[in-house]
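Have a look at the structure below before the remarks.
The values are calculated or read from the model by the stated rules, or taken from the named source; none is laboratory data. Note that the coordinates shown come from a computational prediction; the quantities given were computed from them, not determined experimentally. Every residue, glycine among them, receives a Cβ derived from its backbone with ideal geometry; neighbour counts consider all protein chains shown. To get the accessible areas, we keep the full protein, side chains included, count just its heavy atoms, and leave off ligands, DNA and RNA. Shrake-Rupley method; radii C 1.70, N 1.55, O 1.52, S 1.80 Å.
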Amino acid sequence: MERGRVQTMLESKLQFIPLNQLSYEQHAQLLNIRNLKSIRDMMSDAKEIGLNEHLAWADKYGCNTKQCYYALKNTDQIIGGINCTDIIASECSWGIYIKPNIEVGLASFATYLFLKHLFEKKEMELIWAKVRRINPKTLRFNESFGFTCKREDEEFYYLELTKEAWQERSNSRLFQTLMKRYKNTTYQFMENS
């Protein structure tokens, strides 16, 4: 499929898997994606991480009351990671990274499902994001979901999305296109065990 071309019926199974439910091989796949230079250079912590360090971190911080990190699995492969962190009452931060060769709409669909999950199931009222200034593509991606820039410094844009703004966008062209395009995609948020 040509990158970016709209296709009306894409079939797959998208899973949001808490890190404590990943196999050793799946952790290695996820870490390989995270350690790609093009991905890690856009993160707050851009250093390359070793597998033992990753496994220790995932065991300690994977999912709890303050944060939850998920691997994104599409049908039979790990395609990236998505998270909510800094959970305080009804607010949290979010982030995502996806393998570079994944169809562009799938990242948007996963984002739509995740933000919807945070607002509707986790009852968040405010979600924020921190985007490196050298990453205008990610800034535009967040803005397409309704995030607005509240402040910036030399290194980052600081974005916010309120539940009210999310609900106002629920009938947006982007969301309707995603729902139509991925109507044959099943998805599952696996519970932390």
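Looking across the range 175-193, just one residue is more than 20 Å from residue 75 (Cβ to Cβ) and open to solvent by less than 50 Å² (accessible area, probe 1.4 Å), and that is 175. Summed over the range 56-68, residues that are more than 17 Å from the chain's Cα centre (by Cα) and either surrounded by fewer than 13 Cβ atoms within 10 Å (Cβ to Cβ) or at pLDDT 95 or above (or both) total 5. For the range 75-116, residues that are closer than 22 Å to residue 58 by Cα, open to solvent by 10 Å² or more (accessible area, probe 1.4 Å) and of a type in the set (S, T, N, Q) total 4. If the condition is being within 21 Å of residue 157 (Cβ to Cβ) and either more than 13 Å from the chain's Cα centre (by Cα) or of a type in the set (Phe, Trp, Tyr) (or both), then the range 69-86 contributes only 86. Is the range 117-128 home to any residue that is touching a residue at least 12 places away in the same chain (Cβ under 8 Å), exposed (fewer than 13 other Cβ atoms within 10 Å of the Cβ) and not basic (Lys, Arg)? Yes, the conditions are met somewhere in the range 117-128. Just one of the listed residues (58, 28) is assigned to a helix (DSSP H, G or I), of a type outside the set (S, T, N, Q) and within 25 Å of residue 124 (Cα to Cα), and it is 58. The set of residues from the range 145-167 being closer than 28 Å to residue 12 by Cα and either open to solvent by 60 Å² or more (accessible area, probe 1.4 Å) or modelled with pLDDT under 95 (or both) comprises just one member, 167.
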